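Encoded as structure tokens, the structure appears first; notes follow it.
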Amino acid sequence: MNIANKLTLLRVGLAFVCIGLILRDSLISLLLALVIFILASLTDLLDGYLARKKKLVSDLGKILDPIADKILIIGTFCAFLELGIINAWMVSLIMLREFIITGLRFYGLNKGVVLEARRLGKNKTVSQVTGICVIFIALILSKIFPASKVVFFLYSICIPVLMWYVVLITVFSGIHYFWANRKAIRTF
């Protein structure tokens with residue numbers, strides 16, 4: 001168990017704490033959840049950096065890292081769904097893409113074929129993290145200034161438009177992933 005894998009496991013633990021705090025839905029719990037979400041997201045960057053820099057890439061890390069990412073992102077989106085902030089069909093499409101691609105990557109690893117992550121997939125992750133942070137900001141501001149025009153704008157315009165973008169880039173990156181890896185997938 002190297003430091004990169006320990007950071008990945010830490011991200012899983014932080015994800016569950018974050019989800020629990022979101023569901024408490026108070027100003028303090030949402031502020032703490034935002035901080036924990038940011039820390040968990042940073043562990044994703046750090047564990048990848050350490051694994052490459054210190055040559056700590058392991059089979060365990062190849063399996064744990066994407067699972068930890070999915071727990072953090074999908075779990076957070078599901079918590080927002082529970083609060084009624086985003087639509088179920090959006091979360092469903094995000095989950096579907098994530099499970100299919102992750103399953104395909106694991107199947108490829110089992111067959112000895114590495115399906116590379118693509119730049120668009122990294123952009124997808126950035127859009128998801130950005131969307132989650134904007135939703136956190138809206139939730140926190142709604143606790144402080146419940147009737148403000150800024151909060152109304154965030155809930156009525158910003159979050160819906162941003163979530164459409166997140167869903168579109170998530171789905172499109174999944175399609176692109178299949179297309180870009182079509183030759184490797186045919187070898188299965």
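What number of residues within the stretch 47-68 satisfy the criterion of being touching a helix residue (DSSP H, G or I) at 6+ places or on another chain (Cβ under 6 Å) and assigned to a helix (DSSP H, G or I)? Steps first, please.
Looking only at the stretch 47-68, we keep the residues that are touching a helix residue (DSSP H, G or I) at 6+ places or on another chain (Cβ under 6 Å), and these are 47, 50-51, 56-57, 60-61, 64-66, 68.
Those left that are additionally assigned to a helix (DSSP H, G or I): 47, 50-51, 60-61, 64-66, 68.
Residues meeting the conditions: 9.
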Margin query: I need every pair where a residue in the stretch 141-160 that is on the phi > 0 side of the Ramachandran plot has its Cβ under 8 Å from the Cβ of a residue that is surrounded by 13 or more Cβ atoms within 10 Å (Cβ to Cβ), sequence separation at least 6 or different chains.
Written below: none
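Out of the residues in the stretch 86-117 that are in a loop (DSSP other than H, G, I, E, B) and out of contact with any helix residue (DSSP H, G or I) (no Cβ under 6 Å at 6 or more places or on another chain), state the one that is nearest to L139 (Cα to Cα). It would help to see each step written out before you state the result.
Start the filter on the stretch 86-117 by keeping residues that are in a loop (DSSP other than H, G, I, E, B), which leaves 86-87, 111-117.
Remaining after also requiring out of contact with any helix residue (DSSP H, G or I) (no Cβ under 6 Å at 6 or more places or on another chain): 87, 111-112, 114, 116-117.
Working: N87: 16, K111: 44, G112: 44, V114: 40, E116: 36, A117: 32 Å.
Residue satisfying both the conditions and the ranking: N87.
Take the conditions modelled with pLDDT under 85, in contact with a Ser or Thr (Cβ under 8 Å, 6 or more places away or on another chain) and closer than 18 Å to V171 by Cβ and apply them to R97. Does it pass?
no
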Next item on the list: Could you run through the stretch 1-35 and say how many residues are outside any helix (DSSP H, G or I) and in contact with a helix residue (DSSP H, G or I) (Cβ under 6 Å, 6 or more places away or on another chain)?
Entry: 0
Checklist line | Of the criteria (1) surrounded by fewer than 13 Cβ atoms within 10 Å (Cβ to Cβ); (2) more than 24 Å from A15 (Cα to Cα), which one K122 fails | finding: (2)
Notebook entry, point to check: Considering only the stretch 131-147, how many residues are at pLDDT 95 or above, more than 16 Å from L23 (Cα to Cα) and over 24 Å from the mean Cα position of the chain (by Cα)?
Noted result: 2
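Considering only residues that are of a type in the set (S, T, Y) and part of a helix (DSSP H, G or I), look in the stretch 121-148 and name the one that is nearest to T102 (Cα to Cα).
So the first thing to find is which residues in the stretch 121-148 are of a type in the set (S, T, Y), and the list is 125, 127, 130, 142, 148.
Subset that is part of a helix (DSSP H, G or I): 125, 127, 130, 142.
Values: T125: 14, S127: 18, T130: 21, S142: 35 Å.
Here the answer is T125.
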Margin query: Every residue in the stretch 163-176 that is closer than 19 Å to L72 by Cα and either of a type in the set (A, V, I, L, M) or outside any helix (DSSP H, G or I) (or both), please.
Written below: M163, V166, V167, I169, V171
Check: Taking the condition surrounded by 15 or more Cβ atoms within 10 Å (Cβ to Cβ) and either over 15 Å from the mean Cα position of the chain (by Cα) or more than 28 Å from Y155 (Cα to Cα) (or both), does D65 pass?
Finding: yes
Notebook entry, point to check: Quick one: which of R97, R24 is free of Cβ contacts under 8 Å to residues at least 12 places away in the same chain, over 20 Å from N5 (Cα atoms) and not hydrophobic (A, V, I, L, M, F, W, C)?
Noted result: R24
Margin query: Just checking, does the stretch 163-173 include any residue being buried (at least 17 other Cβ atoms within 10 Å of the Cβ), of a type in the set (G, A, S) and more than 30 Å from D25 (Cβ to Cβ)?
Written below: yes
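The values are calculated or read from the model by the stated rules, or taken from the named source; none is laboratory data. None of the values given here were measured: they were computed from a predicted structure. Ideal geometry is used to build each Cβ from the backbone, glycine not excepted, and the neighbour counts take in all protein chains shown.
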